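So that we are looking at the same thing, I have put the structure below in structure tokens.
The values are calculated or read from the model by the stated rules, or taken from the named source; none is laboratory data. Keep in mind the model is a prediction, meaning the values are calculated, not measured. Ideal geometry is used to build each Cβ from the backbone, glycine not excepted, and the neighbour counts take in all protein chains shown. Heads up: the accessible areas ignore ligands, DNA and RNA and are worked out on the full protein's heavy atoms, side chains in. Shrake-Rupley method; radii C 1.70, N 1.55, O 1.52, S 1.80 Å.
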Amino acid sequence: ESDVSCKDEYIDDETPQETPYVPNLEEEFGDAGAQVEVLADEHKSLIWYLVKQVRPGMDLSKVVLPTFILEPRSFLDKLTDSYYHVDILSRAVLEDDAFTRMKTVVKWYLSGLYKKPKGLKKPYNPILGETFRCYWLHPNGSKTFYIAEQVSHHPPVSAFYVTNRKDGFSISASILAKSKFYGNSTSAILDGTAVLTLLPRGENYMLTVPYAHCKGILMGTLTMELGGKVTIECEKTGYHTEIEFKLKPFLGGAEQTNCISGKLKLGKETLATIDGYWDGVITIKDRRTEVKIIK
């Protein structure tokens, strides 16, 4: 209701100052292989107390968890783990061949899975309206910016946007975090589809994510794995990739831990196969040329 026009207000012609960011110089990684947690006796009794509050099939989003199984950062921060090698997408934008672009997108997708904490930890649930932002500085001097916000509390929905206008790509998604309790195991499910856009190409890639499966809550060793089938699809080019994250079988050995397999297709034709370990070495075998290795 002010009588002052926006045109009459003083406008600073100087370049606005950049928002301050704090450099993150230290990273802590868990070892390759099974992701396990050994609980102290006093912690086991608390787990039993929590288990008595739930029943099989129940959603755990409203259950208060003890701090010793929590990772000291927010889920909005946790989502950034997938973008530590986002500069790979800069190369995907420059590829003229659609098949090579899909292979490069798959390489980026799998490269973000290796970053995991030591032990078995769950990030803190964000509060409504909480935000997290950061950026990655690439070797070519460009920056990829990330901004996330908790847009709903019940149900818990996190929205995020990733952009690098200089290199020509952006990613956006809204993720609904759900969890299910099955007795001796529980699954954390991220329900939602991320949209990766290669801006100069006008291509949208639809991506889904695996679920995290934790077993050994009551009996055995507390272990976390990734499971389920995910897809990466580009409607414009017709290429799509299917990847299965395999849970370790009951009688399986260490060589069957964190295995993945998949196929890169054009229509019904399989052009490349994917095999390896999501926290180790993965190979994409091009049926027409050579084998590419992803670490």
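Please work out the C-alpha center-to-center distance from segment 169-247 to segment 91-147 and express it in whole Å.
14
My understanding is that a pair violates if its Cα-Cα distance is over 27 Å; which of K178/K285; K121/K166; K115/K178; K78/K180; K78/K107; K121/K263 do that in this structure?
K178/K285; K121/K166; K121/K263
Quickly rank 172-181, 133-142 as a protection proxy: mean count of other C-beta atoms within 10 Å, highest first.
172-181, 133-142
Take the Cα atoms of segment 144-210, find their three principal axes, and give me the spread along each one in whole Å, biggest first.
So the extents along the principal axes, rounded to whole Å, are 49, 21, 15.
Using a 1.4 Å probe on the protein heavy atoms only, what accessible surface does I127 show? Give it in Å² to the nearest 10.
Surface accessible to solvent at I127 totals approximately 110 Å².
Here's something else I'd like to know. Is the C-alpha gyration tensor of segment 148-295 telling us rounded, prolate or oblate? Criteria: a/c under 1.5 is rounded; beyond that, a/b larger than b/c is prolate, otherwise oblate.
Note, shape of segment 148-295 comes out oblate.
Moving on. Which whole-Hz ³J(HN,Hα) couplings does segment 228-234 yield from phi under the Karplus relation 6.51 cos²θ - 1.76 cosθ + 1.60, θ = phi - 60°, glycine and proline marked x?
Using θ = phi - 60°, the values come out as x, 10, 10, 9, 10, 10, 10 Hz.
Right, another one. Report the label-to-label distance for L199 and L266 in nanometres (one decimal), using points 7 Å from each Cα along the Cα→Cβ vector.
About 2.8 nm, to one decimal.
Residue by residue through segment 151-164, what is 3J(HN,Hα) from phi via Karplus (6.51 cos²θ - 1.76 cosθ + 1.60, θ = phi - 60°)? Round to whole Hz and write x for glycine and proline.
Once rounded to whole Hz, the list reads 9, 8, 9, 10, x, x, 10, 10, 10, 9, 9, 10, 8, 9.
What dipole magnitude, in Debye to the nearest 20, does segment 114-181 give about its Cα centre under +1 on Lys/Arg Cβ and -1 on Asp/Glu Cβ?
It comes to approximately 360 debye.
Put +1 on the Cβ of every Lys and Arg and -1 on every Asp and Glu Cβ in segment 143-249; which of G202, N164, C234 then has its Cα farthest towards the positive end of the dipole?
My answer, from the dipole projection, is N164.
Sorted by packing (mean other beta-carbon atoms within 10 Å per residue), highest first, where do 261-270, 221-230 land?
221-230, 261-270
Considering only protein heavy atoms, what is the solvent-accessible area of L128 at a probe of 1.4 Å, reported in Å² to the nearest 10?
110
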